[in-house]
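Some notes on the structure that comes next.
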Amino acid sequence: MEGIFMSRRQEAKAAYLKAVNDAVAEVKELPALDDAQRKSLRLDVRRSCRPHALIKYYSRLWIRYSFGGAIFLTIAAGFGTHAWVTHWSKRLDSWGIVGGIVLGFFIFALLPLATKMFSGKYRRQRIFRYYMLLTLLTYVGSLIALSLKHDFWITVLAGCAIFPICFLLASLIELVFSYKESEVQRLRLKYAYSAAGLAMLETAALVSRNRNDWQSSKVSRLAIREIEGLARKVQDELSLSSRIGRWHPDVFSPTAIEAARVAQTVRLHKKLIACASGESDFENVAASLSNGAQALLANKRSKLLEGAPEAVLKQRVNIVLRHLFPVVLLISAAILLPLAPPISGEEKIADSIRLTLLLAGVLALISPRSESSAKILDVVGKAIPGK
């Protein structure tokens, strides 16, 4: 047992060193730096990437526990789903749930290979986030559908979403535990902009590395996608929401507006890439981003704001609330309208209304401009007998 634990610790240490060495190696790609500047930047990078490297260390160290926790949660969720299905359908359908769990496991295992087909680090991360959101919506939607109508394939669909959700939950629990029990939290507070600085360094190295192919549209699209992802990363990190809270008013005033200004400065480099007429344009973008990376790694926030354009911060909470209001209205109508006296006596009509409004709620989530009240009146008008 001790040998296994030591081997696991060695693997975790190797992951830590790889994260540090990969970050330091990006400095070699940067243009317009002399030996003294490169040496100084390498020291800053090595010091600032420790929080990220430590997360890699603890993730690799406890990955087996995360996997074991995911298996346990999957079994518990499988039994819970089975109980839900049998409660509504009065039929045993264990094979559908088990088959769905196995299918979901293989899809989740093949996801990293599939995302390698897409260029861009932030694009692959966005695809993974969308996949996890889709599995969550699929599971919830399948449970709702099974309460209305029993179907074997809906059961398989519900089981297919169980393992990804459970693995994500187990990983988050492990990450929170390792974050609190290690020095990661202290280092993140000390180097507030290290994550944004390392991301900017990586993007600058990518642009510099591809400067010889400046005329390639594929390279230009890749660079533009990375710069856009970098702008979002910088805006999230410089808003300091982790320190002052996401719902604090300051998030929507000084720090967030400054973060939006810096993000807008980063986005201006996309035009320089799109309008490039030679290697020098790519080198200028890489040099500008490398200067920004040095300022971030040195915690020089004021330097980034020098000459930054004005930016208006979008009121994200208001946008989200406006988006979700019709969804909540449709789901509430799906629950309450079938209970009304003219409809409650007709089981088929009530099920039809409930299913139609639930589907309308999903469509409203995708299309925020849907007319919720018109849909409700239209469904009710068609469903009430004699209307």
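A short reminder: the numbers here are calculations on the coordinates, not readings from a lab. Given the structure is predicted, the values throughout are model-derived calculations rather than measurements. Every residue, glycine as well, gets a Cβ built from its backbone with ideal geometry; the counts of neighbours run over all protein chains shown.
So if R0 is 51 Å, what FRET efficiency would ARG232 and PHE106 give, r being the distance between their Cβ atoms, rounded to the nearest 0.05?
Details: r = 32 Å, r/R0 = 0.62.
With R0 = 51 Å, the Cβ-Cβ based efficiency is 0.95.
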Check your understanding: Within the P(r) computed for region 191-305, what percentage of the Cα pairs occupies the region above 23 Å?
Key -> 29 percent
Revision key, fill the gap. Residue-ordered couplings for region 48-54, obtained by feeding phi - 60° into the Karplus form 6.51 cos²θ - 1.76 cosθ + 1.60 and rounding to whole Hz (Gly and Pro as x), are 7, 8, 4, x, 5, 5, 5
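Taking the highest mean first, how do the peptides 354-361, 170-177 order by number of other beta carbon atoms within 10 angstrom per residue?
Details: 354-361: 19.8, 170-177: 15.2.
Descending mean neighbour count gives 354-361, 170-177.
If the chain between THR86 and MET117 were fully stretched, how many nm would it gain, using 0.36 nm times the residue separation less the Cα-Cα distance?
So the chain would gain 7.1 nm between THR86 and MET117.
Step by step: find N for region 1-72, compute 2.2 N^0.38 Å, then divide the Cα radius of gyration by it. What's the final number? Working shown, then result.
Numbers: Rg = 16.4 Å, N = 72, 2.2 N^0.38 = 11.2 Å.
Compared with the compact-globule rule of thumb, region 1-72 sits at 1.46.
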**Study point:** Contour minus Cα-Cα distance for ALA274 and ARG64 (0.36 nm per residue)
**Key:** 71.1 nm
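Can you compute the FRET efficiency between LYS300 and GLU11 using 1/(1 + (r/R0)^6), with r the Cβ-Cβ distance and R0 = 51 Å? Round to the nearest 0.05. All intermediate terms of the calculation are to be shown ahead of the outcome.
Working: r = 36 Å, r/R0 = 0.71.
My answer for the efficiency is 0.90.
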Point to revise | Nearest-0.05 FRET efficiency for LEU136 and ALA36, computed from C-beta distance (R0 56 Å) | key: 0.65
